[in-house]
Amino acid sequence: MSRAGLAALVDAIGACRLCAERPDGPPLPHEPRPVVRVSATAKLLIAGQAPGLRVHRSGLPFDDPSGDRLRAWMGVDRATFYDVARIGVAAMSFCFPGYDAQGSDLPPRRECARQWHDALFAALPQAETILAVGKYAQTYHLRRLGCAIPAGASVAATVGRWREFWDLEPRVIPLPHPSWRNSAWLKRNPWFEAEALPALRAEVARLVLT
Ligand code: SF4
């Protein structure tokens with residue numbers, strides 16, 4: 001796809017109102033605000049779950065303590081992280097899905113995958129590596145690359161297999177969500193910081209800092 005074609009696709013996503021006007025189930029409980037940052041040059045793509053309320057308001061993904069931890073994992077500063085010419089961000093739901101009855105974030109909107117994802121990721125052939133953050137991104141990207149993970153596989157199990165996905169094209173690096181709520185998981189799985197993070201940092205440096 002040409003750069004103009006990608007720009008038109010991103011504009012169309014930015015104007016999307018599918019989950020308000022023709023939703024699969026209950027409509028979005030707020031006005032859609034798609035958040036997606038991609039370019040024709042970024043070799044690294046971060047695929048997360050969905051914006052939270054803070055990102056819904058600011059329009060800037062990972063502009064929170066989780067983002068700080070993700071940047072620390074990657075070994076990049078904010079200026080680099082938000083340089084869309086080098087790093088793209090495209091979550092499994094471009095809009096904040098809202099909260100469930102318990103006050104937790106709802107899962108990503110399924111309409112987004114159906115309407116946009118295949119076309120968007122096909123339009124980013126230069127993306128050499130995808131950081132798949134959380135279960136939904138891991139399930140989608142590994143499946144489309146012919147490496148489906150078992151239904152019900154935990155994030156820990158998928159992240160633990162990170163070496164198996166290294167040679168996919170594009171490369172997929174599965175990550176847990178960098179939320180501080182996952183600190184206990186990190187303590188229980190010291191191999192993640194000892195083995196996976198150095199490999200992640202080297203890959204980010206290769207793609208972004210050279
Ligand atoms: S979540 Fe995706 S499909 Fe739904 S309104 Fe936002 S951009 Fe459109």
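The values are calculated or read from the model by the stated rules, or taken from the named source; none is laboratory data. None of these values were measured; they are calculated from a predicted model. A quick note on method: Cβ atoms are made from the backbone with ideal geometry, for glycine too, and the neighbour counts reach across all protein chains shown. Ligands, DNA and RNA are stripped out before the accessible areas are found, and what is left, the full protein with its side chains, is counted by its heavy atoms. Shrake-Rupley method; radii C 1.70, N 1.55, O 1.52, S 1.80 Å.
Listed values for segment 40-48 are Karplus-derived 3J(HN,Hα) couplings in whole Hz (6.51 cos²θ - 1.76 cosθ + 1.60, θ = phi - 60°), namely 7, 10, 5, 8, 10, 10, 9, 10, x, and x replaces Gly and Pro. Surface exposure of segment 3-209, expressed per residue as accessible area with a 1.4 Å probe, stands at 47 Å². Distance distribution P(r), segment 47-158, all Cα-Cα pairs, bin width 5 angstrom from 0: 2, 10, 19, 24, 22, 16, 6, 1, 0 percent.
Stretching Arg206 away from Glu21 to a fully extended chain increases their span by 62.3 nm, per 0.36 nm per residue minus the current alpha-carbon distance.
Please check which bits of segment 20-57 a label hung off Leu106 would reach, taking the label as a point 7 Å along Cα-to-C-beta and the cut-off as backbone N under 17 Å. Under cut-off, by backbone N: 20-35, 49-57.
If you average the sequence gap of Cα pairs under 8 Å that are 6 or more apart and divide by the length of the chain, what percent do you get for the contact order? Each step should come with its number before you reach the end.
Values: 314 pairs, mean separation 50.2, N = 210.
Value for the chain: 24 percent.
Using Cβ point charges alone (K and R +1, D and E -1), the dipole size of the chain about the Cα centre works out to roughly 140 debye. Over segment 120-210, all Cα pairs binned in 5 Å intervals from 0 give whole-percent P(r) values of 3, 13, 25, 25, 20, 11, 3, 1, listed from short to long. Largest first, the three principal axis extents of the alpha carbons in segment 3-209 are 47, 43, 34 Å in whole numbers. Computing FRET efficiency as 1/(1 + (r/R0)^6) for Met1 and Ala148, where r is the C-beta to C-beta distance and R0 is 22 Å, gives about 0.25.
Amide H to amide H, with H built 1.01 Å from N, Ile46 comes under 5 Å of Gly88, Val89, Ala90, Leu131, counting only residues 5 or more places away or on other chains.
In segment 95-165, Rg over Rh equals 0.99, where Rg is the alpha-carbon radius of gyration and Rh the Kirkwood radius from pairwise Cα distances. Each label was represented as a point 7 Å from its Cα along the Cα-to-Cβ direction; for Glu193 and His30 these points are 3.3 nm apart.
Note that segment 97-103 has calculated 3J(HN,Hα) couplings of x, x, 10, 8, 5, 8, x Hz, one per residue in order, obtained from phi through the Karplus relation 6.51 cos²θ - 1.76 cosθ + 1.60 (θ = phi - 60°); glycine and proline are x. The figure for Val10 is an accessible area of roughly 40 square angstrom, using a 1.4 Å probe on the protein chains alone.
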